[in-house]
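Asker: Shown below is the structure under consideration.
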Amino acid sequence: MATEQELSDFLKSVEKRAFKRSVYHVRNEEAALDIVQDSMLKLAEHYGDKPANELPMLYQRILSNCTLDWFRRQKTRNALFSSMSDFEGPGEDGMDFDLLEAYSGPENGERAESAEDLTRRAQIFHGIEAEIAELPPRQREAFLMRYWEEMDVAETAAAMGCSEGSVKTHCFRAIQSLSKALKAKGIEP
């Protein structure tokens, strides 16, 4: 059984990654925050008494389900109501999620970098972020779980509700697509 402290530590350890993953899926910061908050509440409310080693898998599945629920609600809302924002262009504060701003940098302090290095890194991050966002949803989900969340194939399959072979296929296709697109942009690994 996970203690309150173990649950709290776990939630603190996954909050930034879960937020970034959600932003990649829904492309809306406020919605991503809501999704992450809802998934954390559901984990604490329904599964807080589970062993600490089961929390990561449970949380990934809950986060995926909360994201799918958000898409379902959006589909229903869009079918029933027409939003005035559908008729407007980007608002005054229509800033997109900036991966570079969200990146916290190295934990042991800041390094001095030239403006050229910072600009190059920002361009690379934006290129990678744009290409990840263009992946089909299942490929993006498998890719982010495997390489962002560092989950193994079995954990990813359980969290996505599919077979291990499907996870491998989704990841392979995502890597192929990303590699091809990033090479076309001049970004080499």
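Asker: Quick check on my filter: what residues within the range 169-185 are of a type in the set (S, T, N, Q) and closer than 15 Å to residue 129 by Cα?
Answerer: Scanning the range 169-185 gives 177, 179.
Asker: Scan the range 53-73 and tell me whether some residue there is more than 20 Å from residue 151 (Cα to Cα) and either within 11 Å of the chain's Cα centre (by Cα) or outside any helix (DSSP H, G or I) (or both).
Answerer: Scanning the range 53-73 turns up no residue that is more than 20 Å from residue 151 (Cα to Cα) and either within 11 Å of the chain's Cα centre (by Cα) or outside any helix (DSSP H, G or I) (or both).
Asker: Which members of the range 144-187 meet the condition of being in contact with a Phe, Trp or Tyr (Cβ under 8 Å, 6 or more places away or on another chain), under 28 Å from residue 43 (Cα atoms) and open to solvent by 60 Å² or more (accessible area, probe 1.4 Å)?
Answerer: none
Asker: Please tell me if residue 158 is under 18 Å from residue 137 (Cα atoms), assigned to a helix (DSSP H, G or I) and touching a residue at least 60 places away in the same chain (Cβ under 8 Å).
Answerer: Yes; evaluated as a whole, the condition is true for this residue.
Asker: Test residue 76 against the stated conditions and say whether it is under 30 Å from residue 158 (Cα atoms), modelled with pLDDT under 80 and in a helix (DSSP H, G or I).
Answerer: Spelling it out, residue 76 is indeed under 30 Å from residue 158 (Cα atoms), modelled with pLDDT under 80 and in a helix (DSSP H, G or I).
Asker: Kindly indicate which of 18, 31, 52 is among the aliphatic types (A, V, I, L, M) and farther than 22 Å from residue 156 by Cα.
Answerer: On the way: 18 fails: farther than 22 Å from residue 156 by Cα; 52 fails: farther than 22 Å from residue 156 by Cα.
Just a single option satisfies the conditions, and that option is 31.
Asker: Right, something else. Can you tell me how many residues within the range 114-137 are open to solvent by 90 Å² or more (accessible area, probe 1.4 Å) and modelled with pLDDT of 85 or more?
Answerer: 1
The values are calculated or read from the model by the stated rules, or taken from the named source; none is laboratory data. Everything quoted here is computed from the prediction, not taken from an experiment. Please note: Cβ atoms are built from the backbone with ideal geometry, for glycine as well, and neighbour counts cover all protein chains shown. Surface accessibility is based on the protein's heavy atoms, side chains included, excluding ligands, DNA and RNA. Shrake-Rupley method; radii C 1.70, N 1.55, O 1.52, S 1.80 Å.
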